[in-house]
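S.K.: Here it is: the structure, laid out below.
Derivation of every value follows stated rules applied to the coordinates shown; laboratory data play no part. What you see is a predicted model, and the numbers here were worked out from it, not measured in a lab. All Cβ positions, glycine included, derive from the backbone under ideal geometry; neighbour counts span all protein chains shown.
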Amino acid sequence: MRNVIIIGSGPAGLTAALYAARANLAPLVIEGLESGGQLMLTTMVENFPGHRDGVMGPDLMTEMRAQAERFGAEIMSGDVTAIELGSQPFALRLGDQEEQTKSLIVATGASARLLGLASERTLMGHGVSTCATCDGYFFRDKPIVVIGGGDTALEEAIFLTKFASQVTVLHRRDQLRASKVMQDKAFANPKIAFEWDTELAEVKDVDLGVVTAAVLRNKKTGATKELPVEGVFIAIGHTPNTGLFKGQLDLDDNGYIVVGEGTRTNVPGVFACGDVQDHVYRQAITAAGTGCMAAIDAERYLEGLE
């Protein structure tokens, strides 16, 4: 019987593990299929406090993992395939193995939606990004493209005009899905241009290991052209990793876990932290902060059981 199990090993999950371990709760972290979370797909992280010269994303996650283990957190490879939250103790299944726990911290994160291009994945963190707030600074005075037509895409595009020399928004339709207020702001910004009825066909240059151009394809004519850019931002949304919890935890219309009073879910003893419950900020530091909150909430919950 575990005191607390944490599902997920990104900044939220590992911070929760650190705090739970220091509270002598002997937490078990099930790291999931994407060990380390989205920071494993990034290169230099310059906005995580305490690293004035920046830190590589994978290096930051390695240090966070080692710090949690130093205080007694146990980290298990694997992915939870089934979960039962209807009664205490909670039961989790990993293949043929079952774990039981008095409390559960969900830190499964959210996955950025991608286009499915091989070049997109290869150049992720080397000019291709899914986070303007994280990476915009690296594109000062450089031309970039933003993929998408909703509020998220226009918010990213407007933010990126603080740095980029030119922002071109690629949209596969002839009109945007974004709210009118966001459209008005984008159309009024002299740094933003639009390519309509257009999709991203390829990102160049994989051989060089950096972004040099975006290959655009017109959906109506099929014609292609190259747009010289140094950055490609994919802004077509995120999918919270909450499939396991449907029908057991309250989710909002977009599938994110609903929390109240800190990190508490609708099931007593189950807490949620990080991007699985945050569709607004989506930063490593805010994920880590809610991971701390979840561990403290779980500790207090367990004290109430005694």
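S.K.: Quick one: what are the phi-derived ³J(HN,Hα) couplings along region 212-220, Karplus 6.51/-1.76/1.60 with θ = phi - 60°, whole Hz, x for glycine and proline?
M.R.: 10, 6, 10, 8, 9, 10, 6, 6, 8
S.K.: In the Gaussian network model of the chain, springs joining C-alpha atoms below 10 Å, which of Leu115, Leu104, Leu123 carries the largest mean-square fluctuation?
M.R.: Top of the fluctuation ranking is Leu115.
S.K.: Here is a follow-up. How much net charge surrounds Ala21 when only other residues with a Cβ under 13 Å from its Cβ are counted (Lys, Arg +1; Asp, Glu -1)?
M.R.: +1
S.K.: What distance in nm lies between label points placed 7 Å from Cα along the C-beta direction at Asn47 and Leu115?
M.R.: About 2.3 nm separates the two model spin labels.
S.K.: Label points 7 Å out from Cα along the Cβ direction at Val258 and Lys219: separation in nm?
M.R.: Simple spin-label model gives 3.3 nm for this pair.
S.K.: Report the charge-dipole magnitude of the chain in Debye, nearest 20, computed about the Cα centre from +1 at each Lys and Arg Cβ and -1 at each Asp and Glu Cβ.
M.R.: Values: 27 positive and 39 negative charges, 151 e Å.
Charge dipole of the chain: 720 debye, to the nearest 20.
S.K.: Would you grab the residues whose amide H sits under 5 Å from the one on Val128? Only those 5+ places off in sequence or on another chain, please, with H modelled 1.01 Å from N.
M.R.: HN-HN under 5 Å from Val128: Val232.
S.K.: Among (1) 0.98; (2) 1.08; (3) 1.22, only one was calculated for this model; which label is it, if the read-out is Cα Rg over 2.2 N^0.38 Å?
M.R.: Label of the calculated value: (2).
S.K.: Return the calculated 222 nm mean residue ellipticity for the chain, to the nearest 500 deg cm²/dmol, obtained by summing -39500 (n - 2.57) across DSSP H runs with n ≥ 4 and dividing by the residue count.
M.R.: -7500 deg cm²/dmol
S.K.: Tell me, what HN-Hα J-couplings in whole Hz come from the Karplus equation 6.51 cos²θ - 1.76 cosθ + 1.60 at θ = phi - 60° for each residue of region 202-208, using x for Gly and Pro?
M.R.: These are the phi-based 3J(HN,Hα) values: 6, 10, 10, 9, 4, 5, 7 Hz.
S.K.: Using Cβ contacts closer than 10 Å as the measure, can you line up Met76, Met182 from fewest to most? Can you show the working numbers first?
M.R.: Working: Met76 14, Met182 19.
By the 10 Å Cβ count, ascending: Met76, Met182.
S.K.: What FRET efficiency comes out for Ala188 versus Leu94 if R0 is 51 angstrom and r is the Cβ-Cβ distance? Round to the nearest 0.05. Please list the in-between numbers first.
M.R.: Numbers: r = 52 Å, r/R0 = 1.02.
With a Förster radius of 51 Å, E is 0.45.
S.K.: Counting pairs on different chains as well as pairs 8 or more places apart, how many Lys pairs in the chain have Cα atoms under 22 Å apart?
M.R.: Within the chain, the lysine pair count is 13.
S.K.: Further question: Answer with one residue from Val276, Ala153, Ser129: the one whose Cα lies farthest towards the positive end of the charge dipole of the chain, charges on Cβ with Lys, Arg +1 and Asp, Glu -1.
M.R.: Value: Ala153.
S.K.: Can I ask one more? Which percent, to the nearest 5, of DSSP beta bridges fully inside region 114-234 are antiparallel? Numbers along the way, then the final one.
M.R.: Working: 11 of 27 bridges.
Around 40 percent of the beta bridges assigned by DSSP in region 114-234 are antiparallel ones.
S.K.: Between Asp205 and Lys162, what FRET efficiency comes out of the Förster formula 1/(1 + (r/R0)^6) with R0 = 41 Å and r the beta carbon distance, rounded to 0.05?
M.R.: Computed FRET efficiency for Lys162 and Asp205 comes out at 0.95.
S.K.: Note down the magnitude of the dipole of region 114-234 about its Cα centre, charges +1 on Lys and Arg C-beta and -1 on Asp and Glu C-beta and zero elsewhere, to the nearest 20 debye.
M.R.: Here region 114-234 has a charge dipole of around 280 debye.
S.K.: Something else: Which percent, to the nearest 5, of DSSP beta bridges fully inside the chain are antiparallel? Before the final figure, lay out each step's value.
M.R.: Numbers: 27 of 57 bridges.
Beta bridges within the chain, antiparallel portion: roughly 45 percent.
S.K.: In degrees from 0 to 90, rounded to the nearest 10, what is the angle of the helix 11-22 Cα long axis to the longest principal axis of the chain?
M.R.: Helix 11-22 sits at roughly 20 degrees to that axis.
S.K.: Report the semi-axes of the equivalent ellipsoid for region 1-63 in whole Å, largest first, where each axis is √(5λ) for an eigenvalue λ of the Cα gyration tensor. Don't skip to the end; give the middle numbers.
M.R.: Values: eigenvalues 120, 38, 8 Å².
Its equivalent ellipsoid spans semi-axes of 25, 14, 6 Å.
S.K.: A further question follows. To test your reading of the geometry: what angle, between 0 and 90 degrees and rounded to tens, separates the Cα axis of helix 151-160 from the longest principal axis of the chain?
M.R.: 70
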